[in-house]
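Inspection log for the structure reproduced underneath, given as structure tokens.
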Amino acid sequence: MRLLLVILATFATAQAADYKLKASPATVAFGYYWSEAKPVLRIRSGDTVQVQTLTTATPASLARVGVKDEDIEPELKAIFTEVTGDRKGPGGHILTGPIFIEDAEPGDVLEVRIQKVQLAVPYATNGFSPQRGVLPATDFQQGRTKLIPLDTQRNVARSADISKFRCILFSAAWALPRILRKAGSTARHRVITPAISTTRIWSPARSCLFQCTCRAKWPRGETPTHWIAMGLDPDLTQALILAVREAMDFLVTEKHLSREEAYALCSMAVDFNVTQAVDGTKGVHGMIPKNIFK
């Protein structure tokens, strides 16, 4: 029996197929997530898929921040031109897929290995709107979009003159934490419906030695690798807002960023985690990596 199982496993591995899935008006879900969406590709367990993914920025917004027309991907232009009406959902994300895994059944664990990530264009964008995001609309009078050059050889992005951080890339698994959105990572999801996985993973809080300072409205912490901003409030959302504002205040006063740059950097490189939620007062701490300023 053991020999039979080994033979079957070897045969299954040998039969694994490789696929390429390009982004096009016919192969994307634009602005929605739906478990009943018609699959654009069917594969089996062990198969490998090379997926082309696109930015959430519109061709018009890319042009406004200085991207030349010839540097905007034709696939992006085609999707914004052709995917309209009932075919487009209310959101802005363009997801390549869905991909149906024939062998995945409810209760199984689906393992996704990110083997390689290759940048398609030498730029990225980051933006915010006063009407959306963590902070209330009263914090900013208008939104802002920033063009971020990418080093496609080193997979490094540069924001402003002093902020350097690893480029954050992801495909369909947008809900993964930042540390899993790069080559060499493995994500394991519980299958909810056949071939569908929608689990968000949160990082646990870690203990650290806090270093208080009178310049902050709340205590701040510091470890060898991070500065820590905090927010405390009975309402978890308000605690998050306070933590974001404290992180911004640190970046403005200590690192001399503008408020807009600080807010953008918080969204790109600062991890906000729940500190505690057991005694009525909720706590959120923002982990600001020191290495982005090297």
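The values are calculated or read from the model by the stated rules, or taken from the named source; none is laboratory data. Every value quoted in this text rests on a predicted model; they were computed, and no experiment measured them. For neighbour counting, all protein chains shown are included, and Cβ atoms are generated from backbone atoms with ideal geometry for every residue, glycine included.
Out of the residues in segment 109-125 meeting the condition of being assigned to a loop (DSSP other than H, G, I, E, B) and in contact with a Ser or Thr (Cβ under 9 Å, 6 or more places away or on another chain), tell me which one is surrounded by the most Cβ atoms within 10 Å (Cβ to Cβ). Quick ask: steps written out before the conclusion?
Going through segment 109-125, the residues assigned to a loop (DSSP other than H, G, I, E, B) turn out to be 114-122.
Restricting the remaining residues to those that are in contact with a Ser or Thr (Cβ under 9 Å, 6 or more places away or on another chain) gives 114-115, 117-122.
Details: Ile114: 18, Gln115: 10, Val117: 16, Gln118: 9, Leu119: 15, Ala120: 14, Val121: 15, Pro122: 11.
The residue in question is Ile114.
Could you list, in sequence order, all residues of segment 126-152 that are more than 23 Å from Ser61 (Cα to Cα) and part of a loop (DSSP other than H, G, I, E, B)?
Of everything in segment 126-152, just one residue is more than 23 Å from Ser61 (Cα to Cα) and part of a loop (DSSP other than H, G, I, E, B), namely Pro136.
Only one of (1) within 23 Å of Glu105 (Cα to Cα); (2) exposed (fewer than 14 other Cβ atoms within 10 Å of the Cβ); (3) touching a strand residue (DSSP E or B) at 6+ places or on another chain (Cβ under 6 Å) is not met by Gly66, so which one is it?
Among (1) within 23 Å of Glu105 (Cα to Cα); (2) exposed (fewer than 14 other Cβ atoms within 10 Å of the Cβ); (3) touching a strand residue (DSSP E or B) at 6+ places or on another chain (Cβ under 6 Å), the lone unmet condition for Gly66 is (1).
Out of everything in segment 219-236 that is of a type outside the set (D, E, K, R) and part of a strand (DSSP E or B), what residue ends up being surrounded by the most Cβ atoms within 10 Å (Cβ to Cβ)? Step through it out loud before you land on a result.
To start, the set of residues in segment 219-236 that are of a type outside the set (D, E, K, R) comprises 219, 221, 223-232, 234, 236.
Remaining after also requiring part of a strand (DSSP E or B): 221, 226-232.
Values: Gly221: 17, His226: 19, Trp227: 21, Ile228: 23, Ala229: 28, Met230: 21, Gly231: 24, Leu232: 17.
Filtering segment 219-236 for residues that are of a type outside the set (D, E, K, R) and part of a strand (DSSP E or B), the one surrounded by the most Cβ atoms within 10 Å (Cβ to Cβ) comes out as Ala229.
For segment 237-294, what are the residues that are in a strand (DSSP E or B) and of a type in the set (S, T, N, Q)? Before the answer, list the steps.
Applying the first criterion (in a strand (DSSP E or B)) to segment 237-294 yields 271-276, 282-289.
Correct list: Asn273, Thr275, Gln276.
Could you check segment 105-133 and list, in sequence order, the residues that are more than 19 Å from the chain's Cα centre (by Cα) and modelled with pLDDT of 80 or more?
Just the residues of segment 105-133 that are more than 19 Å from the chain's Cα centre (by Cα), to begin with: 105-110, 130-131.
Result: Glu105, Pro106, Pro130, Gln131.
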